[in-house]
Ligand code: BDR
Ligand code: CA
């Protein structure tokens, strides 16, 4: 009988509260082989995102997963951060011990390329921060998009933005990088802001997560309570955990509804910089370059998160 090999995955992230939940969700997923975590400046500066990634890997007891430092700044501009949403250090009021492990030496673009070359057509990238690291890798290795099985991103919005009226945070921070990625020909899935906002975790979901009782589940409970408070302050019902929804799209694609569309990016414009422009009705005549998530089942996502947390310590 042939054994099913876990799917090779590299996660690119800027932790960040919802990144932290996604990281733990993926670290607890047995059906994937998480080969590396590559870190980018985003929600907070690279020093903090890197420290957070290392602390989370240690919390989960998964120091077998190497963590690499990627880009500090976007391709062409200065970094814009989001401490108002994620707290000064990036993880709300969750205090984790200072990590004792160090980042693994290596250039992120080369790490991703080498892993993709080892198993052509098998490696999935999941990117839940600004797309700077991914664009750098694609620029350094133009054949890389064709070597990947898929790239799944949290980013973009099809309705209102959360950073400006038109733009979502991850795309807004580095629209030039996003444009390179969307134009690369990679098999792309986008989990936009809108779909994540359409089903949020409520207090009863947070309590169910905490009831798992593990250290990781308690940490996620603390992160989600912080996020829930921020959401309530912003007048929302429940908390959207964007990056964890995106991790669910990797782990349980069957609970998502997706639509193939042509998407282009606006990199200029006083009101439109960072806008993802989606051709829902085939108006442009362009071939679809992206599968856009338009709906998902909240229970399936919450249960998958709980399943991962039950497997961690
Ligand atoms: C995205 O931006 C960040 O603040 C979150 O971590 C998420 O990746 C949501 O717009
Ligand atoms: Ca993120």
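Values quoted throughout were computed directly from the atomic coordinates according to the rules given, and no laboratory measurement underlies them. This one's a predicted model, so the numbers in the text were calculated from it and none came from an experiment. Cβ coordinates were reconstructed from backbone atoms using ideal geometry, including for glycine residues, and neighbour counts include every protein chain displayed.
Taking label positions 7 Å along the Cα-Cβ direction at both residue 72 and residue 187, the computed distance is 3.7 nm, reported to one decimal. Placing dummy labels 7 Å off each Cα toward the beta-carbon, the span from residue 4 to residue 119 is 1.4 nm. Stretching the chain fully between residue 110 and residue 313 yields a gain of 69.9 nm (0.36 nm per residue, less the alpha carbon separation).
Neighbour counts of other Cβ atoms within 10 Å put 152, 209 in the fewest-to-most order 209, 152. Annotation: the residues 51, 313, sorted from fewest to most other C-beta atoms within 10 Å of their own C-beta, follow the order 313, 51.
Where only DSSP H runs of four or more residues are counted, the chain gives -11500 deg cm²/dmol as its mean residue ellipticity at 222 nm, each run worth -39500 (n - 2.57).
Counting only DSSP beta bridges with both residues in the chain, the antiparallel share comes to about 30 percent.
Normalised by the number of residues in segment 7-311, the mean separation of alpha-carbon contacts (under 8 Å, six or more apart) gives a relative contact order of 20 percent. For segment 210-313, the relative contact order works out to 32 percent when only alpha carbon pairs closer than 8 Å and six or more residues apart are counted.
The fewest-to-most ranking of 112, 263 by surrounding Cβ atoms within 10 Å reads 263, 112.
From the Cα gyration tensor of segment 178-240, with a ≥ b ≥ c the square roots of its eigenvalues, which class applies: rounded if a/c is under 1.5, or else prolate if a/b is larger than b/c, or else oblate? Taking the square roots of the gyration eigenvalues as a ≥ b ≥ c, segment 178-240 is prolate.
Across segment 173-269, the relative contact order, built from alpha-carbon pairs under 8 Å that are at least six residues apart, equals 39 percent. Of interest is the spacing of the C-alpha centroids, which for segment 257-313 and segment 5-31 amounts to 18 Å. Volume per residue of the convex hull around the Cα atoms, evaluated for the chain, comes out as 132 Å³. Using the Cα gyration tensor of segment 1-149, with a ≥ b ≥ c the square roots of its eigenvalues, what is the shape: rounded (a/c below 1.5), prolate (a/b larger than b/c) or oblate (neither)? Cα axes put segment 1-149 in the oblate bin. Between residue 229 and residue 202, the distance separating the two model label sites (each 7 Å from Cα on the Cα→Cβ line) works out to 2.2 nm. With R₀ fixed at 35 Å, the C-beta to C-beta distance from residue 270 to residue 101 puts the FRET efficiency at about 0.20.
Of the peptides 219-225, 197-203, the ranking by mean beta-carbon count within 10 Å, highest at the top, reads 219-225, 197-203.
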